[in-house]
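> Let me begin by handing over the structure; questions about it come next.
The values are calculated or read from the model by the stated rules, or taken from the named source; none is laboratory data. None of these values were measured; they are calculated from a predicted model. Ideal geometry is used to build each Cβ from the backbone, glycine not excepted, and the neighbour counts take in all protein chains shown. Surface areas here come from the heavy atoms of the whole protein model, side chains and all, with no ligands, DNA or RNA. Shrake-Rupley method; radii C 1.70, N 1.55, O 1.52, S 1.80 Å.
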Amino acid sequence: MKVTILTQFPDMFAPLAGSILGRAADNGLLDIAVVNIRDYTADKHRKTDDTPFGGGAGMVMTPQPAFDALRAVGAQGKRILYMSPRGPILDQALAQDLAGEEEFFILCGHYEGVDQRILDAWRMEEVSIGDYILTGGELAAMVLVDCVSRLIPGVLGSSVSLEEESIYSGLLEYPQYTKPREYEGLAVPEVLFNGNHRLIHLWQFEESVRLTAQRRPDLLKKFLQQPHDFTKDEKKILEKVLQETQSIE
Ligand code: ADE
């Protein structure tokens, strides 16, 4: 997958070179190009923004450097995201959708944003990472790239964890434990040692459903609206937990 990020602050993307994403780049699974919009400004002072028409605080990215940078990277007719608190909030479904793309582009704005003509003329898709305001789109772009990249086959060391995730997709994750079996009198739940994978799975499913019902009833509602092939035991667990929590009307 190729992702081209257009930004006035390319240095902010240095962390993407490390860890799992750096390895994905080395393995040829992921190609992240970071382009400095400032390199495309025709202004002799290398300015890329100006004061807003109509007044108000802050600066707005001017069309010229953005248009020229987008043309130079070949974004014409391609999927271009603009990181902005005005867009729909990034979720796992959008991440899955983007993971199926061979290539997409991300524009990062700052201060009061970008001239609306950039968004309109290039048919940009606005994407938010949550209902709060960041100083710019760079951190949001990194969040998006991170969560999309890990869905590309081969990027994570093992695909087992992704399969697990898809079984429970839409539910919060059950609690995990590791060695030692007991620590300062705190024991790991017995069921995890009985070697019965069906029982372990049912315990994990119950914990996932319970956590989701308690903390994110909105997610549980969505999960239950999707088609699922629940086993008899899973259905029983669902009914029990729903009765217990009475979180879904
Ligand atoms: N830019 C500023 N705030 C943002 C947010 N919450 N999501 C995406 N981009 C942003």
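> So what does the Cα-only Debye profile of segment 95-137 read at q = 0.18, 0.27 Å⁻¹, as log10 I(q)/I(0), no solvent term?
Log10 of I(q)/I(0), two decimals: -0.67, -1.14.
> Taking the C-alpha atoms of the chain, how large are the radius of gyration and the largest Cα-Cα span, Dmax, in Å?
Considering the chain through its Cα atoms, Rg and Dmax are 22.8, 72 Å.
> Something else about it: May I ask you to rank SER128, SER19 by accessible area, largest first, using a 1.4 Å probe over the protein chains only?
SER19, SER128
> List every residue whose amide H lies under 5 Å from the amide H of GLU126, counting only residues 5 or more places away in sequence or on a different chain, with H placed 1.01 Å from N in the peptide plane.
TYR82
> Of ASP229, ASP131, ASP115, which is the most mobile in a GNM of the chain whose springs link Cα atoms less than 10 angstrom apart?
For the chain, modelled as a Gaussian network with Cα springs under 10 Å, the answer is ASP229.
> Report the semi-axes of the equivalent ellipsoid for segment 2-94 in whole Å, largest first, where each axis is √(5λ) for an eigenvalue λ of the Cα gyration tensor.
27, 17, 14
> Dipole of the chain (Lys/Arg Cβ +1, Asp/Glu Cβ -1, origin at the Cα centre): which of LEU224, LEU30, VAL188 lies farthest to the positive side?
So the residue we want is LEU30.
> Under the rule a/c < 1.5 gives rounded, and otherwise a/b versus b/c splits prolate from oblate, where does segment 79-209 land using the Cα gyration tensor?
Cα axes put segment 79-209 in the prolate bin.
> Can you compute the radius of gyration and Dmax for segment 12-157, using only the Cα atoms, both in Å?
Considering segment 12-157 through its Cα atoms, Rg and Dmax are 15.7, 52 Å.
> If you consider only alpha-carbon coordinates, what radius of gyration and Dmax does segment 165-248 have, in Å?
13.8, 43
> Next up: Can you give me the solvent accessible area of ILE37 with a 1.4 Å probe, rounded to the nearest 10 Å²?
Here the residue's solvent-accessible area equals roughly 0 Å².
> Tell me, what is the per residue accessible area of the chain in Å², probe radius 1.4 Å?
Heavy-atom accessible area per residue stands at 59 Å².
> Roughly how many Å is it from the Cα centre of segment 203-243 to that of segment 32-81, as a whole number?
Answer, in whole Å: 47.
> Pop out the carbon and sulfur fraction of the accessible area of the chain as a percent, whole number, probe 1.4 Å.
Carbon-and-sulfur percentage of accessible area, whole number: 53.
> Using a 1.4 angstrom probe on the protein heavy atoms only, line up SER169, SER84 by accessible area, largest first.
From most exposed to least exposed: SER169, SER84.
> Further question: Tell me which lysines have Cα within less than 27 Å of LYS222's Cα, excluding those fewer than 8 residues away on the same chain?
LYS232, LYS235, LYS236, LYS240
> Quick check on the chain: helices-only [θ] at 222 nm, where DSSP H runs of length 4 and up contribute -39,500 (n - 2.57) each and the sum goes over total residues. Nearest 500, please.
Taken over the chain, the calculation gives -11000 deg cm²/dmol.
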